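Notes for the one structure printed next.
Laboratory data are not the source of any read-out in this text; all were calculated from the coordinates shown. Being a predicted model, the structure only gives us computed values, none of them experimental. Cβ placement follows ideal geometry from the backbone for every residue including glycine, while neighbour counts extend to all protein chains displayed.
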Amino acid sequence: MNTLFGKTKEEAKPIVLKSVDEYPEAPISLGTTLVNPTGDWRTFKPVVNEEKCVKCYICWKYCPEPAIYIKPDGYVAIDYDYCKGCGICANECPTKAITMIKEEK
Amino acid sequence: MEVPENIKKRVTIPFEEHFYAGHTACQGCGASLGLRYVLKAYGKKTILVIPACCSTIIAGPWPYSAIDANLFHTAFETTGAVISGIEAALKAMGYKVKGEDGIMVVGWAGDGGTADIGLQALSGFLERGHDAVYIMYDNEAYMNTGIQRSSSTPYGAWTTNTPGGRRHFLEKRHKKKVIDIVIAHRIPYAATASIAYPEDFIRKLKKAQKISGPSFIQLFAPCPTGWRAPTDKSIEIARLAVQTAYFPLFEYENGKYKINMPNPKKEPKPIEEFLKLQGRFKYMTKEDIETLQKWVLEEWERLKKLAEVFG
């Protein structure tokens with residue numbers, strides 16, 4: 001699987017503590033927020049048109065999630081599990097290769 | 001499925017990611033983007049101290065964490081005190097703090113936690129000269145508790161306790177220049193940065209890492225929720241704030257001022273271009289806009305003179 005977080009994302013599992021003994025002694029974090037698919041907040045989703053993409057990586061640079069990753073062939077792709085659909089990538093893209101389309105589920 | 005080395009070299013900011021997706025910041029959040037850049041610049045060998053602010057929420061609900069570094073949550077007013085204490089403890093235990101390969105102690109507080117509530121702890125930290133970096137991300141109000149005004153809120157802005165209208169008033173005071181209070185301590189390094197210019201921000205973070213002694217960076221981080229702006233315009237607003245000289249980029253290093261504007265010779269754009277993208281400024285009258293424009297240009301002239309005299 002090729003995403004930004006690869007193996008870490010696959011291994012992320014919700015942590016359910018069933019008894020007091022399972023709690024850590026100090027308030028330390030036990031896992032990552034990758035268990036939290038924020039993609040369902042989205043109303044509009046960004047779609048990359050690879051014909052127009054010039055591989056400048058401005059979208060990758062400005063993604064606040066980060067949900068945009070660079071594929072081995074150099075093009076960018078979007079991890080829809082986490083993309084909240086803010087639209088910064090589509091607004092900043094110099095060639096308008098990213099468009100926001102209405103999400104349908 | 002690795003990204004080839006030649007592509008990693010083409011990106012203009014560090015490639016490694018130490019900030020996990022799935023965090024609970026709003027759509028288009030400027031603060032989460034700033035946090036991502038800080039972790040890109042400093043990597044895993046960082047102790048991040050976050051007081052009560054939006055970033056407490058962004059860093060994740062227990063037992064999850066969005067940050068791939070050490071994180072310490074603390075009370076609202078104590079960021080400066082806690083980074084001082086952690087730095088002193090690390091030094092007493094014989095660790096190398098700051099510098100190329102040292103442990104970075106970073107305070108990451110909002111404008112309320114810096115300019116209002118945490119000001120005395122910040123002043124103490126700067127005065128004692130601890131080897132740590134303090135970053136204030138400036139979203140110009142108390143956003144986490146529901147958009148109340150802070151001393152960093154600009155003139156004419158709508159917030160929930162300056163709602164405007166016939167019986168109330170809009171924010172009547174100008175933005176507090178926290179950076180001038182910080183420079184008054186004559187620390188080795190202080191700078192302003194914007195999320196719209198990440199290369200400049202990361203260069204300043206790296207510089208703060210190399211210089212020994214306390215460093216301070218004020219980061220302009222738009223908040224689409226509180227500024228009543230479209231979520232996709234965050235970067236555009238941050239860029240216009242710099243281009244209109246509302247939030248000029250400069251650094252102060254060992255007594256010398258240096259302006260780092262993207263186009264230094266260009267005259268600032270009119271402030272309306274920055275205001276019209278945000279719903280929080282839509283109640284301003286023409287006179288209000290003129291007052292703000294006058295203040296912005298006065299401050300900009302003042303900064304240019306400082307850079308001329310102490311350049």
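Whole-Hz ³J(HN,Hα) for each residue in region A:8-18, computed from phi via Karplus 6.51 cos²θ - 1.76 cosθ + 1.60 with θ = phi - 60°, x for glycine and proline: what do you get?
Taking θ as phi minus 60°, the curve returns 4, 5, 5, 7, 5, 10, x, 9, 10, 9, 8 Hz for region A:8-18.
Could you grab the relative contact order for region A:6-102? Cα pairs under 8 Å, six or more apart, rounded to a whole percent. List each step's numbers first, then the result.
Working: 126 pairs, mean separation 31.3, N = 97.
Once divided by the residue count of region A:6-102, the mean separation gives 32 percent.
Classify region A:6-102 as rounded, prolate or oblate from the Cα gyration tensor: take a ≥ b ≥ c as the square roots of its eigenvalues, call it rounded if a/c is under 1.5, otherwise prolate when a/b beats b/c and oblate if not.
Verdict is prolate for region A:6-102.
If I take every Cα pair under 8 Å that is 6 or more residues apart in chain B, average their sequence separation and divide by the length, what percent do I get for the relative contact order? Please list the in-between numbers first.
Working: 609 pairs, mean separation 49.7, N = 311.
Result for chain B is 16 percent.
Quick one: which residues, 5+ away or cross-chain, put their amide H under 5 Å from the amide H of residue B:162? H built at 1.01 Å from N.
Answer set, sorted by chain and number: B:149.
Rounded to the nearest 0.05, what FRET efficiency is calculated for residue A:101 and residue B:9 with R0 set to 45 Å and r the Cβ-Cβ distance?
Details: r = 33 Å, r/R0 = 0.73.
So, using R0 = 45 Å, E works out to roughly 0.85.
With +1 on the Cβ of every Lys and Arg and -1 on the Cβ of every Asp and Glu, and nothing else charged, how large is the dipole of the protein assembly as shown about its Cα centre, in debye rounded to the nearest 20?
Numbers: 55 positive and 48 negative charges, 190 e Å.
Roughly 920 debye, rounded to the nearest 20.
Quick one: which residues, 5+ away or cross-chain, put their amide H under 5 Å from the amide H of residue B:70? H built at 1.01 Å from N.
Under 5 Å from the amide H of residue B:70: B:46, B:48.
Quick one: check the C-alpha center-to-center distance for region B:253-281 versus region A:32-101, whole angstrom.
If you average the Cα positions of each part, the centres end up 28 Å apart.
Just A:25, A:50, A:11 to compare: in a GNM of chain A, with alpha carbon springs under 10 Å, which one fluctuates most?
Among A:25, A:50, A:11, the largest mean-square fluctuation in the Gaussian network model of chain A belongs to A:25.
What does the C-alpha gyration tensor say about the overall shape of the protein assembly as shown? Classify as rounded when a/c is under 1.5, otherwise prolate if a/b is larger than b/c, or oblate.
Working: a/c = 1.40, a/b = 1.13, b/c = 1.24.
It is rounded, given that a/c, with a ≥ b ≥ c, falls under 1.5.
Given the DSSP H assignment, sum -39500 (n - 2.57) over each helix run of at least 4 residues in chain B and divide by its residue total; what's the result at 222 nm in deg cm²/dmol, nearest 500? Mind showing how you got there, number by number?
On the way: 10 runs with 105 residues, N = 311.
Result for chain B: -10000 deg cm²/dmol, rounded to the nearest 500.
Nearest 10 degrees, 0 to 90: what angle lies between the long axis of helix B:234-243 and the longest principal axis of chain B (Cα atoms)?
70
With a 10 Å cut-off between alpha carbons and a GNM built on chain B, which of B:11, B:82, B:133 moves the most?
B:11
In percent, what relative contact order does region B:220-307 have, based on Cα pairs under 8 Å that are 6 or more apart in sequence? Please report the intermediate quantities before stating the final value.
Numbers: 84 pairs, mean separation 26.7, N = 88.
It comes to 30 percent, rounded to a whole number.
Per residue of B:196-203, count partner chain C-beta atoms within 10 Å of its C-beta, then hand back the mean as an integer.
On the way: counts 2, 0, 2, 1, 0, 0, 0, 0.
For peptide B:196-203, the averaged partner shielding equals 1.
I'd like the mean, over residues of B:207-215, of how many other protein chain beta carbons sit within 10 Å of each residue's own Cβ. Each step should come with its number before you reach the end.
Working: counts 0, 0, 0, 0, 0, 0, 0, 0, 0.
Average neighbour count from other chains, rounded to a whole number: 0.
HN-Hα J couplings of region B:3-8 from phi, Karplus 6.51/-1.76/1.60, θ = phi - 60°, integer Hz, Gly and Pro as x?
7, x, 4, 5, 6, 4
Note down the magnitude of the dipole of region B:5-309 about its Cα centre, charges +1 on Lys and Arg C-beta and -1 on Asp and Glu C-beta and zero elsewhere, to the nearest 20 debye.
Details: 41 positive and 32 negative charges, 67 e Å.
The calculation lands at about 320 debye.
Only counting other Cβ atoms within 10 Å, I'd like B:203, B:167, B:186 sorted with the fewest neighbours first. Don't skip to the answer; put the middle values down first.
Details: B:203 17, B:167 6, B:186 12.
In increasing order of surrounding Cβ atoms, one gets B:167, B:186, B:203.
Once both axes come from the Cα atoms, what is the angle between helix B:79-92 and the longest principal axis of chain B, in degrees from 0 to 90, rounded to 10?
20
So which residue, out of B:112, B:165, B:226, gets the largest mean-square fluctuation from a GNM of chain B using Cα contacts under 10 Å as springs?
B:165
Once amide H atoms are placed 1.01 Å from N in the peptide plane, what residues at a sequence separation of 5 or more from residue B:260, or on another chain, have their amide H within under 5 Å of its amide H?
Distant-sequence amide H within range of residue B:260: B:249, B:250, B:251.
Compute the acute angle (0 to 90°) between the alpha-carbon long axis of helix B:286-309 and the principal axis of greatest extent of the alpha-carbon atoms of chain B; round to the nearest 10°.
50
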